[in-house]
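This report refers to the structure that appears directly beneath it.
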Amino acid sequence: MFPMSLSNRIRILALGAALGLCCAAFALPARAMAIRDLVSVQGVRSNQLVGYGLVVGLSGTGDQATQVPYTTQSLLNMFQRLGINLPPSVAQNLQPKDLAAVMVTAELPPFSLPGQKINITVSAVGNASSLAGGTLLMTPLKGADGQTYAVAQGNVVVSGYGASSGGTSTQVNFLTAGTISNGATVERAVPDAFDQGPTLTLALDTPSFETATRIADRINQSFGASTAVAMNAGSIRVQAPGSPGARTAFLGQLQGLDVTPSAPPAKVVIDARSGTVVLGQNVTLGACAVAHGNLSVTIDTKYQVSQPNPLGAGQTAVVPSTTVKAKSGKADLLMFRPGVTLDAVVRALNAVGASPNDLIAIVQAMKQAGALHAQLEVI
């Protein structure tokens, strides 16, 4: 064995370091995520609000009173509350064109306090053609319990435009729905049980026994043993301080901890209505062969008139003549070895010109044959 020079040793060490970096690049660990991105605190949730109101100031694009009578009735009721009493003859003939009945929706964030502002969405419920330029009048927003939690009012912003003239019209986006930024003021806070009880429950956004166990172990490493217990795949019970200030600080530190979640389950989601196929991670196939061809059937019917002889006693009749043609397209046979990913299958099917509907049929047949190692969800 010859002695190795210093320069050769340096080259070998450099080569080994480069190989080590390459191996590390191909074996990167899964990315860690903050607990706040994986769970939500049970009881801390938003609430939906809804209300009925009127939008005024429209340029002749409001509801037609003859077809939408409740818009005019709402206007008369508002006039009465404001002390304006119209004669019956005037009220019956009232047909405003600059008024539209709308539904106002909003989402009340958790821990919202009276005086805070929230965004709202305004949507027409009648036959108004546009809400552009309109102003929403004061509208109470109620929750599922019938109580008023916010009051909305403001100028409606519509993210679209349209024009028409001489029977020709053009429109971009929708004109019958708009938004009002900070258009509602919170009037009542929603009671919560955040600072009640000795424990908190963390609900996983994606239930997983492995992820729940990892989160509980990470919390116990930071705050002491028995602080957290994974109850099941979807919830973790955590011992929390009793005072509101200490509980808030504790939860803030807890949500900042990093945890590496488990790999998502292998799943294929198919939207048969739009022909969309979404492939999840870790989807593999068993050994299978796929042959898919197109069969087209054409039925052509022609009608012929049967005319009797001039001296005969027959009657003129229409006789249908039907021709049926069937054509089967070429079926390309594709072989797949065990362990091949569905991504490779999709590339192979695209290479032979398979349509999205063909891909849906093939994936469903693979699942029935037991060759698709993934959950199949059809929506």
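Every number here is computed from the coordinates shown, using simple stated rules; none is lab data. The model shown is predicted, which means the values in this text are computed figures rather than measured ones. Every residue, glycine as well, gets a Cβ built from its backbone with ideal geometry; the counts of neighbours run over all protein chains shown.
Residue 107 to residue 318: extension gain in nm, 0.36 nm per residue of separation minus the Cα-Cα distance?
69.3 nm
What's the ranking of 371-377, 95-101 by average number of surrounding C-beta atoms within 10 Å, highest first?
95-101, 371-377
Where a ≥ b ≥ c are the square roots of the eigenvalues of the C-alpha gyration tensor, would you call the stretch 54-200 rounded, which needs a/c under 1.5, or, failing that, prolate if a/b is larger than b/c, or oblate?
Verdict is oblate for the stretch 54-200.
Take residue 246 and residue 213, extend 7 Å from each Cα along the Cα→Cβ direction, and tell me the distance between the two endpoints in nm.
Between residue 246 and residue 213, the label points sit 3.2 nm apart.
Under a plain spin-label model, where a point goes 7 Å from the Cα along Cα-to-Cβ, how far apart in nm are residue 260 and residue 92?
8.0 nm
Pop the C-beta distance of residue 44 and residue 273 into the FRET formula with R0 = 35 Å and round what comes out to the nearest 0.05.
For residue 44 and residue 273, the calculated efficiency is 0.50.
Just subtract the alpha-carbon distance of residue 305 and residue 357 from 0.36 nm times their residue separation and send over the number in nm, one decimal.
14.5 nm
Once R0 is set to 25 Å, what does the formula 1/(1 + (r/R0)^6) return for the Cβ-Cβ distance between residue 203 and residue 182, expressed as a FRET efficiency to the nearest 0.05?
Using R0 = 25 Å, I get an efficiency of 0.25.
Could you point to the residue in 240, 207, 254 farthest towards the positive end of the stretch 193-259's charge dipole, with +1 and -1 charges on the Cβ of Lys/Arg and Asp/Glu respectively?
Among 240, 207, 254, the one farthest towards the positive end of the dipole of the stretch 193-259 is 240.
Need the full-extension length gain, residue 119 to residue 153, defined as separation in residues times 0.36 nm minus the C-alpha distance. One decimal, nm.
Working it through step by step, the gained length comes to 11.2 nm.
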